[in-house]
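Read-outs throughout are calculated quantities, based only on the coordinates presented, and are distinct from any laboratory measurement. Please read all numbers here as calculations on a predicted model, not as lab measurements. Backbone-built Cβ (ideal geometry, glycine too); neighbour counts: all protein chains shown.
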Amino acid sequence: MNRLKQAPRKRAARIAAVVTVVVCLTYAPIAMTELWPYARPGAPAIGEWLLGKAVTPGYVAEALATRIAPYGRSLIPLVVHSVLGGALMLLGPVQLLSAVRRRPRLHRVAGVAFAVTVYASMAGAALYLLRTAPEDAFGGASFWIVLATILIGTVLSVTFGILAAVRRMPELHQRWMLLCYGYLMTAPLLRLEWGGLPLLLPGLPMEEINRVAIMHLGSIVVFAALLASRALTRRTTSPQIKGTWAPTPVLFLAHLAGAAGIAWITVGLLAEGASGRRLLGGFLIPYVITYAVMLHRHRAATRRGDAWAREEWRLHLTALCLAPALSAALTVPLGMSMSLDRYTALASTVGIGCGVLAFAATALLSLRVVHARETARRASLEPDPQPAPQPAAPRTEQPAHAQ
């Protein structure tokens, strides 16, 4: 019966893996050639041509014309970032398939190349962000903040993934690397939204489409990374992990805080008219779907008695509930520190909330596993307690006639 239930999940996991590989292989040449027109006007750009066919050439030309000056100030770092980003789209499937196919030597070599390429590519992105004022980024300061957050999350994720591999903790290594690749997948998914969202929101310029997209890209990619890690996990129990680090009162309070955060975000975005309503829809619809799937998976793991899956879903569900509260709490301090208007600050914090909390949930799960492992190690080193000496039996005198 369990095999029958697992068969559709395995089939869905295979389909998702094939789709991911196709998207990565398709996007790799687009990423590598994306900045050619800025280095040499008139040079072919595959992505620009495809996007023009999907929407209109004017839609693309109007948006990219504003990028000439900002990109020109950081062209070399951006070229490094985009070319190496295309290479990462190729190395990612190699990593995934070598892990699934149990090819440790290929996986190790590709992993080293992947990590080095991540650091180099993100260095180019960091130089671009440092040389570009937030308001000059494509879509404004909100997009600059989202890019900076993704950059930090990508670098930290691959670093923690390396540390987990060094400590021979493959499941944590897998989770960190999948989270890292999820952050990287925001690039091709954003391009897909540039071409797909105009069908739902016709007449909007690409910059406005970009603002809607960043409302949910963070939640989508980290949720996909979580689904992938669960699909690749064979463990159902862990003898060292007992109980939960998110007990029912904590989960209940997280739901209350999340509801309050959503209410605050809803009021703030609705006050901005049509633009705010678009951003609210871009945030709420994927958020509700993600919440429903997480809740269902958590309850299913509880019914199966799968303690490992239950704890992972529970920690991530708690983090997802807290994401709107975090966004609401950060809006005012972020706006004051970066001199942003309230609308821009709110859009920025909503765009980064789910990604930041998913990173925190993965970190908490890692601490959970490391703590359990260390506790078990210390217990194995403790000497067994010596049995207490038994009192000697009382000596009895023999009767005289027996002597």
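The loop-placed trypsin sites (Lys or Arg not before Pro) in region 200-267, going by DSSP, that have at most 15 neighbouring Cβ atoms within 10 Å of their Cβ come out as ARG234, ARG235, LYS242.
Net charge in the neighbourhood of MET294 (other residues with Cβ under 11 Å of its Cβ; Lys, Arg +1, Asp, Glu -1) is +3.
Once backbone amide H atoms are built at 1.01 Å from N, GLU34 has no partners under 5 Å, excluding neighbours fewer than 5 places away on the same chain.
With R₀ fixed at 35 Å, the C-beta to C-beta distance from THR302 to VAL19 puts the FRET efficiency at about 0.75. Rounded to whole numbers, the Karplus 3J(HN,Hα) couplings from phi for region 179-193 are 5, 4, 5, x, 4, 5, 6, 4, 5, x, 5, 5, 5, 5, 6 Hz, using 6.51 cos²θ - 1.76 cosθ + 1.60 with θ = phi - 60°, and x at Gly and Pro.
Backbone amide hydrogens, once placed in the peptide plane, bring GLU272 within less than 5 Å of nothing, excluding anything fewer than 5 places away on its chain. Given their separation in residues at 0.36 nm each and the Cα-Cα distance between them, ILE46 and ALA133 gain 28.5 nm when the chain is fully extended.
What does the charge count around ILE214 come to, taking other residues whose C-beta lies under 14 Å from its C-beta (Lys +1, Arg +1, Asp -1, Glu -1)?
Numbers: positive: ARG191, ARG211, ARG278; negative: GLU193, GLU207, GLU208.
Charge balance near ILE214 sits at 0.
For THR132, no residue 5 or more places off, or on another chain, has a built amide H under 5 Å of its own. The convex hull of the Cα atoms of the chain, projected and averaged over all directions, covers 29.6 nm². Phi angles of region 131-143 translate, via the Karplus equation with coefficients 6.51, -1.76, 1.60 and θ = phi - 60°, into HN-Hα couplings of 8, 10, 5, x, 6, 8, 5, 5, x, x, 5, 4, 5 Hz per residue; Gly and Pro are given as x. Each residue of region 324-334 was assigned a 3J(HN,Hα) from its phi angle through the Karplus expression (A = 6.51, B = -1.76, C = 1.60, θ = phi - 60°), giving x, 5, 4, 4, 5, 5, 8, 4, 5, x, 5 Hz with x at Gly and Pro.
What's the local net charge at LEU365, with K and R +1, D and E -1, over the other residues with C-beta under 14 Å away?
Result for the local shell: +4.
Among the trypsin sites (Lys or Arg not before Pro) found in region 30-101, those both in a DSSP coil and sparsely packed, with 10 or fewer other Cβ atoms within 10 Å of their Cβ, are ARG101. If you wrap the Cα atoms of region 206-376 in a convex hull and average its projected area over all directions, you get 10.8 nm².
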